[in-house]
Each structure stands twice: as C-alpha cells, then as structure tokens.
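The values are calculated or read from the model by the stated rules, or taken from the named source; none is laboratory data. Note that this is a predicted model, so its numbers are computed, not measured. A quick note on method: Cβ atoms are made from the backbone with ideal geometry, for glycine too, and the neighbour counts reach across all protein chains shown. For the accessible areas, the whole protein counts, side chains as well, though only heavy atoms, and no ligand, DNA or RNA atoms are used. Shrake-Rupley method; radii C 1.70, N 1.55, O 1.52, S 1.80 Å.
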Amino acid sequence: GKTYETFEAAIDAANQESAVPVVVELLKDVTLDVPEGIGAGQGAVNLQKNMTIEGNDHTITAGTGYIGASNGYHMINIDSGANVIIENLKVDGDHASESSTKPRSGINVYTARATTSPTNVTLNNVTVTNCSTYGVTSNGSIVTATNLNTSGNGWGGVNVDNAKGAAAGGSLTINSGTIQSVVIENTSGVSDGQNVTIEGGRFTGDVKLQNSDGTTVATLGGVALTVSGGTFSNQETRE
C-alpha cells in the first residue's frame, strides 16, 4: 500500500485505477474541505471507480467551503456506476454552529439517467451526523445498509428519489441500525421507481412516501415499500 497525506489525494489516486478495485484505509481522523471549482451537488470528494473505504472507526469531519442545503456540496459523492463499499466510518458535518455552512449530505449516491449500470453502494457500520439535509441520499442507485446510524441531520436520516436527471430505478435495503426518518420519493413520476426494503433497525422518525409537492397521497406510483422488521417510534406514513 501507499500512504497519502490527505484523504482527497487517496481518493484521487483510487479514481485513476481502472483494472481492479482498491482499498482506501483511514489511519487517522481527517477534516474534509470543499475544493475550489466544483459544481453544485458534487462532493468534496467524488468516488467514481470501484473501491472500498475502510474507516477503521475514524471520523471524517466537514471543514470549510460548504454552503448549506440549497446548492451546497455533499461530503462524499459516489457516482459513475461505481461499486463502492464503505465500512467502519463516521461522517460528521458539524464543523460549525451555523447550519448554513454545513454540508448538504454526508454520503450522496447518484446514477445519471444515461448511465448503463447503476451506482452500487454498501454501507457497513457507518454513522452520518449533523448534515444540513439528510445523512444519506440516493438517486436512481442501489444502496444496502447494515448498522447504519444517523442523527442530527436537518431533514432526516435517508432520502431516496428519482430526481431530474437521475436514473429511473433504484433500491434501498436497510438491515439494521438506528436511523432518523426515511423519505422515499419518485419525483420523476416514472413507473419504474424506488424499491425500498426494511429488514430491521430502529427508526426514530417517520418512514414515509412523499410527493414532490408535499401533498398527502395514499400511494406513490412506482414505489414498492416492504417492511419486514424494525422498531418504529412513529407509524409508517404516506405523504
């Protein structure tokens, strides 16, 4: 293995690999600043090749350059059809007292509509806290979470959607953890929407289906929600 001075440099090197997946291993807690010149919705780091992030129970804390929810930046963005495993990692957006300067989300997973293969992410023993929107967001991608823990995020724990420009399909499987609300959307209104399965976990907020305009509906087209386990502080709702 090769040692890098910063987490960003290690990710840049991993993104250059095309033949085999690589492992990026944290050896200490790190602070993650937003680089200059990135676009809205991108991450302070962008994972675009197959890789494993082994956190070794260290924490990545948001540094400078985040501008909050509206057009802000995620801490870790994963896209381009990459297959990524993140394990034993804490992601903390609480670097400042002003919420407007916090990152948009801790981990964002995105599959563009024109992408052939969906971005596929596995989260094992991951904690995401104190971001301005959700801890984890996913658009048109495949996310599987075991022992996912979220708290202190402004809008909730996990959000899955088919937002404009994202791929039509997508799935979320939650096996265990302690999680704030799970918000499931189908903004594009496509019939091939989200497939969400909750096998277990403790949920401190609502698990809900939400229309893009916030109206309450009995069902949301294109969304399949299966709840086979878990402990819920509030009832499952559909909005």
Under 5 Å, built H, 5+ apart or other chain: amide partners of Phe203:
Ile179, Thr231, Phe232, Ser233
Collect residues whose amide H, placed 1.01 Å from N in the peptide plane, falls under 5 Å from the amide H of Asn195; neighbours closer than 5 in sequence don't count.
Gly170, Ser171, Leu172, Ala224
So for the stretch 135-234, averaging the separation of alpha carbon pairs under 8 Å that are six or more residues apart and normalising by length, what relative contact order in percent results?
26 percent
Over the stretch 120-203, what number does the Rg to Rh ratio reach, with both radii from the alpha-carbon atoms and Rh per Kirkwood?
0.96
Whole number please: convex hull volume per residue, Cα atoms of the chain, in Å³.
116 Å³
Sum of -39500 (n - 2.57) over DSSP H runs of 4+, divided by residues of the chain (222 nm, nearest 500)
-1000 deg cm²/dmol
Surface accessible to a 1.4 Å probe, per residue, for the residues of the chain, Å²:
44 Å²
Accessible surface of Tyr73 in the full protein assembly, 1.4 angstrom probe, to the nearest 10 Å²?
40 Å²
Round to a whole number: what % of the accessible area of the chain belongs to carbon and sulfur, probe 1.4 Å?
44 percent
For the residue pair Asp57 and Asp94, what label-to-label distance in nm results when each label sits 7 Å from Cα along the Cα-to-beta-carbon direction?
2.0 nm
Share of pairwise Cα separations in the stretch 70-186, more than 24 Å, in percent
18 percent
Relative to the present Cα-Cα distance, how much length would full extension add between Thr226 and Ala40 at 0.36 nm per residue of separation?
63.7 nm
